[in-house]
């Protein structure tokens, strides 16, 4: 089942249920895709306007990148469900099973990989919003603010799905490496998103 081809109502209903997927990771990817789409909308409202003719080429370049990120984030909605399923099954393996530890470790690493990809994609989307805040149509400035906060929320949400898995890993060196990257992305891009949002709200108020 693809969670990105069902209706919004169906997605939310399944998300609200006790079904193991989608969960916070898939929801974060979807929120990131929506935030990125808002950036694309700002681009579409900017191009073709005489007032913004001098930045039109830049806006088109941003829109191309945003379209690729939207596609990637929607793919990750489903991919997160794919990698979580083996982990949910691994938790059910009896603790005295000699293969349990390796199966669990492999499943935890796989389950970490997708949220990390979601985080990386959201960081790229935040960078696009910074350029849109500076060059996009002033009439759509509020949408830049909404988009960047969505991307920040998705970044933070995906990080929680990283940390809940690294915490259970026995390979502490691998876990530390993943956590270091995640912490770095959070530190840099949450601050960048806040700066963009603050710039938007200052211009609006």
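The values are calculated or read from the model by the stated rules, or taken from the named source; none is laboratory data. None of the values given here were measured: they were computed from a predicted structure. Reconstructed Cβ throughout: ideal geometry from the backbone, glycine too, with neighbour counts over all protein chains shown.
Being in a helix (DSSP H, G or I) and within 30 Å of residue 138 (Cβ to Cβ) is true of residue 45. Taken over the range 2-42, residues that are part of a loop (DSSP other than H, G, I, E, B), without any contact (Cβ under 8 Å) to a residue 24 or more places away in the chain and either in contact with a strand residue (DSSP E or B) (Cβ under 8 Å, 6 or more places away or on another chain) or exposed (fewer than 12 other Cβ atoms within 10 Å of the Cβ) (or both) amount to 5. Scanning the range 131-169 for residues that are closer than 14 Å to residue 203 by Cβ, over 15 Å from the mean Cα position of the chain (by Cα) and not in a loop (DSSP other than H, G, I, E, B) turns up 132, 133, 134, 135, 138, 139, 140, 141, 142, 143, 144, 145.
Can you say whether residue 181 is assigned to a helix (DSSP H, G or I), closer than 24 Å to residue 49 by Cβ, touching a helix residue (DSSP H, G or I) at 6+ places or on another chain (Cβ under 9 Å) and at pLDDT 95 or above, as far as the supplied structure shows? Answer is no for this residue.
For the range 144-160, state whether one or more residues are out of contact with any helix residue (DSSP H, G or I) (no Cβ under 6 Å at 6 or more places or on another chain), farther than 20 Å from residue 197 by Cα, surrounded by fewer than 21 Cβ atoms within 10 Å (Cβ to Cβ) and modelled with pLDDT of 95 or more. Checked the range 144-160: at least one residue is out of contact with any helix residue (DSSP H, G or I) (no Cβ under 6 Å at 6 or more places or on another chain), farther than 20 Å from residue 197 by Cα, surrounded by fewer than 21 Cβ atoms within 10 Å (Cβ to Cβ) and modelled with pLDDT of 95 or more. Of all the residues in the range 90-105, those that are part of a helix (DSSP H, G or I) and in contact (Cβ under 8 Å) with a residue 12 or more places away in the chain number 5. For the range 94-137, filtering for residues that are over 30 Å from residue 65 (Cβ atoms) and in contact with a helix residue (DSSP H, G or I) (Cβ under 6 Å, 6 or more places away or on another chain) leaves 4.
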